[in-house]
Each structure stands twice: as structure tokens, then as C-alpha cells.
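*Asks:* This is the structure, below, for whatever I ask next.
Derivation of every value follows stated rules applied to the coordinates shown; laboratory data play no part. Nothing here was measured: the structure is a model prediction, and the numbers come from that model. Don't worry about glycine lacking a Cβ; one is built from the backbone with ideal geometry, like all the others, and counts go over all protein chains shown.
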Amino acid sequence: MRYHWIGLGGVAALIVAIWYSHAEEQRATATRDDAALTKHGEYLVNNVAHCGHCHTPPNDKGEPDTARFLQGGKLTIKPKDEKTSWAGEAPDITMNGLASRWTAEGMTKFLMTGEPPEGHKPVAPMPVYRLNNDDARAVTLYLRSLTGKKAPKPD
């Protein structure tokens, strides 16, 4: 009888070891997948949607201030026709701003549906994106990877 319990204990230990090994493998795969998605999100933000055009404040020369990349600021574009609903500023979308105030799920939903967690629609010139789930997750991961530590504003 004693050997029976020892055998069951050994089987239980083996099952736990296999489960732990599988969990470690899944975590490593998820980390690799997140890294690839983050890289894809960087591409989408910088080369497709060009988020920096509005969400990065300009420097003295009117060019995007790379030291304050995606950290929000006054919009330099104006509508052709006077509209009552036009944003005068673009928000910080790094972890210093919306990326930390919104959950990852909330930001992903916003990029897929155009509905922010607060419930109101984005104000022009912000477009309503309809990204697929993978692209929305990729953009979210990328924005959440940016610390957003503000550089001093030029005088």
C-alpha cells in the first residue's frame, strides 16, 4: 500500500513538471508573439497611420519634435470650413497619456470600433479606425511600449 502512494506521488510530480514546462513554453511563445506584434504596431503607427503628424508637437522649425514623439500637442492643421467639432489639440498617446489611462482592451476596442472607453466618439481630425483585432492589438502594444517621458518644452 505504501508503494502505491509513492507511485501516485511520483505520477503527480511528473504531471506538475509537464504542466509547468508547457506553461513556460507558452509564456516564451507569447513574449515572442508580443515582440512581433509590437514591431508590427510600430510600422502601422509610423508608416501607415502616420500618428506622429498630429500626436507629436512641432519643434521651432515646425517639424515633429522627436524628443516628444506621440506626446500630444496643439494641432497645426485647421478645417477648410469652420466646424464646431474640431479638436484643437491631440492627446498624448504614450504610457504617459492615454495608453496608461485606457486599458489595453479599451484601446484595442477604440482602434477597432472608434468607441473610446469614455463613450464619446473621436473629434475631427481624428479618424474613426476600423482595424482588425491583430492590427489593433499591435498598435496598442506599441503605444504601451512607449514611456512618453516628456522632454522639456522649448522656450
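*Asks:* Write out the GluC sites (Glu not before Pro) in region 53-110 meeting two conditions: DSSP loop, and at most 10 other Cβ atoms within 10 Å of their Cβ.
*Replies:* Of the GluC sites (Glu not before Pro), the ones in loops of region 53-110 whose Cβ has at most 10 other Cβ atoms within 10 Å are E82.
*Asks:* Arrange the following residues from fewest to most other Cβ atoms within 10 Å of their Cβ: L75, L111.
*Replies:* L75, L111
*Asks:* Show me the ranking of peptides 51-63, 134-146 by mean Cβ neighbours inside 10 Å, starting with the highest.
*Replies:* 134-146, 51-63
*Asks:* Could you order the peptides 92-99, 118-125 from most to least packed, using the average number of other C-beta atoms within 10 Å per residue?
*Replies:* Ranking the peptides 92-99, 118-125 by packing returns 92-99, 118-125.
*Asks:* Length gain on complete extension for the stretch R130 to D81, per 0.36 nm per residue less the alpha carbon to alpha carbon distance?
*Replies:* Details: separation 49, 0.36 × 49 = 17.64 nm, distance 2.57 nm.
Taking R130 through D81 to full extension adds about 15.1 nm, to one decimal.
*Asks:* Note the full-extension length gain between T103 and K39 as 0.36 nm times their separation in residues minus their Cα-Cα distance, in nm to one decimal.
*Replies:* 21.0 nm
*Asks:* While we're looking at this one, here's another question. Using 0.36 nm per residue, how much length does the chain from D60 to S145 gain when fully extended, once their Cα-Cα distance is taken away?
*Replies:* 27.9 nm
*Asks:* Right, something else. If the viscosity is 1.306 mPa s and the temperature 10 °C, what translational diffusion coefficient in µm²/s does Stokes-Einstein give for region 36-145 when Rh comes from Kirkwood over Cα pairs?
*Replies:* 111
*Asks:* Could I ask something else about it? Tell me, what HN-Hα J-couplings in whole Hz come from the Karplus equation 6.51 cos²θ - 1.76 cosθ + 1.60 at θ = phi - 60° for each residue of region 134-140, using x for Gly and Pro?
*Replies:* Running phi through 6.51 cos²θ - 1.76 cosθ + 1.60 with θ = phi - 60° gives 5, 5, 5, 5, 4, 5, 4 Hz.
*Asks:* A further question on this structure: Kindly state, as a whole number, the per residue volume in cubic angstrom of the convex hull around the alpha carbon atoms of region 81-125.
*Replies:* Taking the convex hull of the Cα positions in region 81-125, it is 79 Å³ per residue.
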